[in-house]
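Before any comments, here is the structure.
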Amino acid sequence: MTRLTCWIAACFGLGYLPKAPGTWGTLLGYPIWLGLSLLPYQDLLPARLLTAGLLALIAVPICWIAERAVAEIDPGWVVLDEAIAIPFCLLLYRPTGGSLLLLLPLSFALFRLFDILKPPPIFQIQRLPGGWGVVLDDVLAGFYTAFALWLLKWIGVPGL
């Protein structure tokens, strides 16, 4: 069971790639977001938030088991947290139209920026125990990304 859980935490092997595992985990988040958008009621923001929240809750024990399996806090190969954060980044968007050409690379760059720099309180949240810190720091980076995208749209960046 632990081996399977670690495999899931590594996003089916993406986390074991030798270069930039967090980047690969982040990229997996986009097909997850697209797949979630096909579920019923996903045109409603509360439904998207609930769905993303359920994914995060499922990810917490998976990441915790993976941490315990290797006796390491937030091992680099655990990238499930990055993957499930992308639906939070894109909470305000549906996968339609040409806006995706700007939205997807911009959301990727912003999320990676927030995930790497860890502005407050992301840095503090990552210290939470039991898998919570592993997942919630990325969820919060996702919310920061969603806010940054909204702000860019509000100030009139075309294509958002």
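The values are calculated or read from the model by the stated rules, or taken from the named source; none is laboratory data. These numbers were taken from a predicted model, which means no experiment stands behind them. FYI the Cβ positions are ideal-geometry reconstructions off the backbone, even for glycines, and counts take in every protein chain you see.
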Within region 119-140, can you find the residues that are surrounded by fewer than 17 Cβ atoms within 10 Å (Cβ to Cβ) and charged (D, E, K, R)? ARG127
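Which of the following residues is modelled with pLDDT of 90 or more and either more than 10 Å from the chain's Cα centre (by Cα) or over 15 Å from LEU140 (Cβ atoms) (or both): LEU38, LEU49?
LEU49
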Can you confirm whether region 56-77 contains a residue that is under 14 Å from THR26 (Cα atoms) and not small (Gly, Ala, Ser)? yes
Residue check, THR96 of a type in the set (S, T, N, Q) and either in a loop (DSSP other than H, G, I, E, B) or at pLDDT below 95 (or both): yes
Selection within region 59-73 - over 14 Å from ARG127 (Cα atoms) and either outside any helix (DSSP H, G or I) or in contact with a Pro (Cβ under 8 Å, 6 or more places away or on another chain) (or both): ALA66, ALA71
Kindly list, by first and then second residue, each pair from a residue in region 40-66 that is free of Cβ contacts under 8 Å to residues at least 60 places away in the same chain to a residue that is among the polar types (S, T, N, Q) and surrounded by 14 or more Cβ atoms within 10 Å (Cβ to Cβ), limited to pairs with Cβ atoms under 6 Å and residues at least 6 apart or on different chains. ARG48/GLN42
Would you mind telling me which numbered condition in (1) of a type outside the set (A, V, I, L, M, F, W, C); (2) under 14 Å from ALA9 (Cβ atoms); (3) over 13 Å from the mean Cα position of the chain (by Cα) ARG94 fails? (2)
Taking ARG94, is it of a type in the set (Lys, Arg) and more than 24 Å from PRO46 (Cβ to Cβ)? no
Output yes when any residue across region 37-49 is part of a helix (DSSP H, G or I), touching a helix residue (DSSP H, G or I) at 6+ places or on another chain (Cβ under 7 Å) and not basic (Lys, Arg), and no when none is. no
Can you name the condition, by its number, that GLY76 falls short on among (1) assigned to a helix (DSSP H, G or I); (2) touching a Pro at 6+ places or on another chain (Cβ under 6 Å); (3) small (Gly, Ala, Ser)? (1)
Condition check for TRP24: over 19 Å from THR145 (Cα atoms), among the aromatic types (Phe, Trp, Tyr) and in a helix (DSSP H, G or I): no
For region 141-159, indicate whether the set of residues that are surrounded by fewer than 21 Cβ atoms within 10 Å (Cβ to Cβ), more than 28 Å from ILE65 (Cβ to Cβ), touching a Ser or Thr at 6+ places or on another chain (Cβ under 6 Å) and at pLDDT below 95 is non-empty. yes
Within region 4-28, can you find the residues that are of a type outside the set (Phe, Trp, Tyr) and in contact (Cβ under 8 Å) with a residue 60 or more places away in the chain? THR5, CYS6, ILE8, ALA9, ALA10, CYS11, LEU14, GLY15, GLY22, THR23, THR26, LEU27
